[in-house]
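Values quoted throughout were computed directly from the atomic coordinates according to the rules given, and no laboratory measurement underlies them. Since the model is a prediction, treat every value here as computed from it, not as a measurement. Methodologically, a virtual Cβ is constructed for each residue, glycine included, from the backbone with ideal geometry; neighbour enumeration extends over all protein chains shown.
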Amino acid sequence: MFSFLKLIRIQNLLIIAFTQYVVRWCLIYPILKAQSSYYTLQLSELQFFLLVLSTIMIAAAGYIINDYFDVRTDKVNKPERLIIDKGVKRRVAMGAHMVINIIAFIIGLYISYSINASKLAFAHFICISGLWFYSTTFKKQFLIGNVVIAVFTAMIPFAVVVYELIPCYKAYLPIDESLSFRSIWIYISGITFFTFLITLMREIIKDMEKYEGDKEHGYNTMPIVIGIKYSKLIIVIIAGVILAFICYYQVLQLQKKDLLTFSYFIICLQLPLLYLIFQIMKATTKTAFRKADNIIKWIMLAGVCYLFVFAYILLHFIKMI
């Protein structure tokens with residue numbers, strides 16, 4: 001059981017669930033209340049739990065199939081962390097992958113149908129299929145695998161808004177024809193963009209960490225195609241874009257005299273990003289790249305936790321008026 005929990009990356013699944021709940025209660029809910037005290041979340045607690053469950057099950061199945069097809073390269077890249085063939089048998093892993101995906105898709109179909117948006121279930125199918133093809137093909141190719149994972153990761157917070165707002169539009173649009181929830185879409189677009197870029201960076205760093213095994217087995221990842229040196233340059237450029245994006249938002253918040261957000265971003269996002277750039281530029285070993293990967297995990301978690309600050313500021317403003 002312990003090996004299986006390691007195989008599905010239980011800590012990552014908990015972070016995914018945490019992210020989706022935080023987006024619901026610290027982004028969508030306070031903005032709804034800021035627009036009107038009558039507006040509230042429309043998905044029941046059970047419906048939302050099932051949405052989160054479907055998401056983490058698809059992710060778990062993705063981790064399983066990725067490790068299943070990575071056994072040969074992992075023997076070179078990270079033999080000490082190899083799970084399949086050591087702690088979990090191959091046929092067990094493949095069987096678990098199939099069962100978990102089927103259940104996840106059925107749950108997604110049920111949630112989509114329950115909000116009269118059955119076509120959304122197709123998104124669950126795309127994610128399941130995409131993670132399969134990532135494991136078998138995309139991750140071996142230049143940049144494609146990195147982009148696929150970055151897109152799917154960025155969809156984790158975005159999916160919450162889609163599933164929550166469709167019932168809200170149906171409930172409140174007949175009452176208010178001008179309803180748009182524009183501010184929610186703007187904020188979730190920013191979060192999605194940030195998540196995409198930070199995940200893209202992490203995937204490139206992981207490819208640099210796995211350089212030896214991937215090259216030995218004929219992969220064409222970015223570090224192999226253009227080299228470690230230029231891959232590092234790509235990381236620095238992406239980090240620079242993220243820093244510019246954060247600075248732009250800080251300027252907007254300073255105009256609103258929001259010093260709390262300004263300070264949080266400097267301490268929890270900008271300084272770690274600068275430290276990441278420093279670590280990447282001098283990294284030459286697997287251990288160094290793994291350290292950079294851990295820094296990115298911190299930045300991602302700090303980005304999610306900012307929504308607690310956002311909710312506090314917005315709900316405090318509502319109380320003031």
So, over other residues within a Cβ distance under 14 Å of residue 309, counting Lys, Arg +1 and Asp, Glu -1, the net charge is 0
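On full extension of the chain, what length is gained from residue 37 through residue 286, given 0.36 nm per residue of separation minus the C-alpha to C-alpha distance?
On the way: separation 249, 0.36 × 249 = 89.64 nm, distance 5.23 nm.
That pair, residue 37 and residue 286, stretches by 84.4 nm at full extension.
Fewest first, what order do 200, 53, 252 take by the number of other Cβ atoms within 10 Å? Don't skip to the answer; put the middle values down first.
Details: 200 21, 53 16, 252 10.
Ranked by crowding around the Cβ, least crowded first: 252, 53, 200.
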In nm, to one decimal, how far is the residue 171 label point from the residue 92 one, both placed 7 Å along Cα→Cβ?
4.4
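Most exposed first by the Cβ proxy, i.e. fewest other Cβ within 10 Å, how do 124, 316, 217 rank?
316, 217, 124
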Please compute the net charge surrounding residue 117, taking Lys and Arg as +1 and Asp and Glu as -1 over other residues with Cβ under 15 Å from its Cβ.
+1
The summed charge of the residue 222 Cβ neighbourhood (under 14 Å; Lys/Arg +1, Asp/Glu -1) stands at +4
Comparing 293, 176, 67 in a Gaussian network model of the chain (Cα, 10 Å), the one with the largest mean-square fluctuation is 176
Work out how much length residue 226 to residue 259 would gain on full extension: take 0.36 nm times their residue separation and subtract the Cα-Cα distance, in nm to one decimal.
7.7 nm
Answer with one residue from 221, 30, 112: the one whose Cα lies farthest towards the positive end of the charge dipole of the chain, charges on Cβ with Lys, Arg +1 and Asp, Glu -1.
221
What is the distance in Å between the Cα centres of segment 214-233 and segment 88-134?
31
Per DSSP H run of at least 4 residues, take -39500 (n - 2.57); add these up for the chain, divide by its residues and hand me the 222 nm value, nearest 500 deg cm²/dmol.
-26000 deg cm²/dmol
When a footprinting reagent is the concern and you count Cβ atoms within 10 Å, what order do 115, 280 take, fewest first?
115, 280
Checking the a/c ratio against 1.5 first, then a/b against b/c, what shape does the Cα gyration tensor give for the chain?
oblate
